[in-house]
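Structure, as structure tokens:
The values are calculated or read from the model by the stated rules, or taken from the named source; none is laboratory data. What you see is a predicted model; the values in this text were computed from it and never measured. Counting neighbours? That spans all protein chains shown, and the Cβs are built from the backbone with ideal geometry, glycine included. With ligands, DNA and RNA removed, areas are computed over all heavy atoms of the protein, side chains included. Shrake-Rupley method; radii C 1.70, N 1.55, O 1.52, S 1.80 Å.
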Amino acid sequence: MDHGHLHIDRSTGDIDPASRAALRAARQGERRPSKGGRMPVSVYIPTPFRKMTGNRQHVEAEGADVREVLADVDKQFPGFHSLVFGTGDAVPAHINIYVNKQEITSLDGIATKVRDGDEVAVIPAMAGGAGDQPRRRIGALTPEQVDRYSRHIIMPQVGPSGQRKIMESSVLIIGAGGLGSPIAVYLALAGIGRIGIVDFDTVDISNLQRQILHQNDDIGKPKALSAKETINAYNPDVEVTTHQVPITSENALAIIGGYDYVINGADNFAARYLVNDACYFLKKPLIDGSILLFDGQVTVYLPDKGCYRCLYPSPPPPGMVPSCAEAGVLGALCGTVGTIQATEALKLILGVGETLHGRLLLYDALAMEFRQVRIRKDPKCVLCGEPDDPSAKVTELIDYDAFCGGAFGHTNEEEQKAADATSALREQSKV
Amino acid sequence: MPEIHVRLFAGLHDLVGRRELVLSMPDGATIGQLRDRLGEEYPIVQPLLSTLVCAVDEEYVAPEHVLRDGEDVALIPPISGGS
Ligand SMILES: [Zn+2]
């Protein structure tokens, strides 16, 4: 197909109507047959829902109004309706539907009439407003940007085009804590275009021993908000989207779908399996890191090339591997592991060097040793492979609380243990 | 009897109280059997055994891997901390 005559709006990535008509004409041959030569409506499928449509960005459907069109999509891709609408029939609050770029609540809602050749778009709105946003485009760097990023730009592996790649990318950071802090700070300084922060917690004084996104004055503030302020104090150019919600099976695809890369700084197994599975379904590169006491682990999972479940098919029994809250963690260790994760993200964005894909990096701060283990995709992985028992195959997000045998996030028990440990410490230090 | 050097990683060494140990295994023993032996000697790690990543000479191996004298084994449990 000749794309030479297309007119694409640089700011939104939109294609103008004339070009769209030309595209349609060019696609004529591959369109499924329609009654009486009718022109079907084109439905834009955002990234989080694309696993339903075999990864297709646009599908064609017929109907007189939006409701009928979406019902037709569901007929072609069973399960689509419940993925978008949940169990109800009304459009959920977090979903916006557009007909030719106009939001339907300003028209006739779900009953809005459509005509042949219209475009219907189904867009999940995120907490904080990040959607399936079109890729940002950076033109020439401003003189101030050239100065700010000069130590990047003079490196042959980066240069002005590499710096533009950094500024055009979006990265989601799970957790604004020990790992999320150094990750967010270095990515902000590097000029990442959009950083998403998922954290529903508030800043506690016990966080300040290691979480460099937050300072004394932030105690009591939502961590995501404190993170946004710190990031923008470092670099006002960075757009920050805050997701002040626990990441769950219900919202993970919509949140993660809005970003190019995901960096994991979660602090429990349930969230780690959830983020892994969601990244697999959405084909997002995942830069994984975890810490405990004086030890850290880092690796990179690339789409269709192995996943967390290939390495750790099942979580340890609850309570066997303590959290940082229970067991503690050396503050500076977070910096080492988090900056390695940030480094790997920047290398992926720039397309330079050898990432930790296929290798698990093990950091032992007490011995001050880095070791690595070569790892591989498990052909029988229940998520990304073909398990011996086909019914074991994970085909959608599951109940991760049940899978990990405990409550999501900090369990009350963990919080209690941490509180007990803190009060015991207070007693000891009086002696 | 192959002598196997075993290195224990985060979470595991805290339970065992050592970072390294040497285990004598019968000829033909697999790394899965070595893992079970660790559980017999240190029952506290029993619940973790099935989750361990086993590596020999810095390369992931399946539990069926047959151990040879002098091999360096790494046993790596998952850790979940991030905050
Ligand atoms: Zn896998």
> Between the range B:5-61 and the range A:309-355, how many Å separate their Cα centres?
Replying inline: 22
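Quick one: pull the percentage of alpha-carbon pairs in the range A:320-401 with a separation above 14 Å. Could the numbers behind the result be given before it?
Numbers: 2570 of 3321 pairs.
Above the 14 Å cut-off, the range A:320-401 has 77 percent of its Cα pairs.
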>> Give the lysines whose C-alpha is closer than 29 Å to that of A:K75, dropping any in the same chain fewer than 8 places away, or say none.
In response: A:K35, A:K51, A:K101, A:K113, A:K283, A:K284, A:K393
> To the nearest 0.05, what FRET efficiency results for A:K101 and A:E229 with a Förster distance of 45 Å applied to their C-beta separation?
Replying inline: 0.85
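Give the average, rounded to an integer, of partner chain Cβ atoms located within 10 angstrom of each Cβ in A:167-178.
On the way: counts 0, 0, 0, 0, 0, 0, 0, 1, 2, 1, 3, 3.
For this peptide, the per-residue mean of nearby foreign Cβ atoms is 1.
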> So what's the angle, to the nearest 10 degrees on a 0 to 90 scale, between helix B:31-41 and the longest Cα principal axis of chain B?
Replying inline: 70
> Over the heavy atoms of A:R164, what accessible area does a 1.4 Å probe trace out, to the nearest 10 Å²?
Replying inline: 70
> Going from most exposed to least, what order do B:M25, B:M1, A:M155, A:M368 have by accessible area with a 1.4 Å probe?
Replying inline: B:M1, A:M368, A:M155, B:M25
> What nm value, rounded to one decimal, do you get for the distance between A:D147 and A:D204 when each label is placed 7 Å out toward the C-beta?
Replying inline: 4.3
> Accessible area of A:D399, 1.4 Å probe, to the nearest 10 Å²?
Replying inline: 90
>> As a test question: what accessible area, to the nearest 10 Å², does A:F294 have when a 1.4 Å probe is rolled over all protein chains in place?
In response: 70
> Running Debye on the range A:31-124 with equal point scatterers at the Cα sites and no solvent, what base-10 log of I(q)/I(0) appears at q = 0.17, 0.22 Å⁻¹?
Replying inline: -0.66, -1.15
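Please compute the length gained on full extension between A:Q57 and A:Y44, using 0.36 nm multiplied by the number of residues separating them and subtracting their Cα-Cα distance.
Between A:Q57 and A:Y44, full extension yields an extra 4.1 nm.
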>> Quick check: Cα centre of the range A:259-287 to Cα centre of the range A:183-232, how many Å?
In response: 19
> For the range B:3-76, what relative contact order do you get, as a whole percent, if you take Cα pairs closer than 8 Å and at least 6 residues apart?
Replying inline: 44
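Of the trypsin sites (Lys or Arg not before Pro) in the range B:1-82, which ones lie in a loop per DSSP and count no more than 14 other C-beta atoms within 10 Å? Can you show the working numbers first?
Working: sites: B:R7, B:R18, B:R19, B:R35, B:R37, B:R68; in loops: B:R18, B:R19, B:R68.
Counting only loop positions with at most 14 other Cβ atoms within 10 Å, the trypsin sites (Lys or Arg not before Pro) in the range B:1-82 are B:R18, B:R68.
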> How large is ³J(HN,Hα) for each residue in the range A:71-85, as worked out from phi by the Karplus curve 6.51 cos²θ - 1.76 cosθ + 1.60 (θ = phi - 60°), to whole Hz, x for Gly and Pro?
Replying inline: 5, 5, 4, 5, 5, 6, 10, x, x, 4, 4, 6, 5, 7, 9
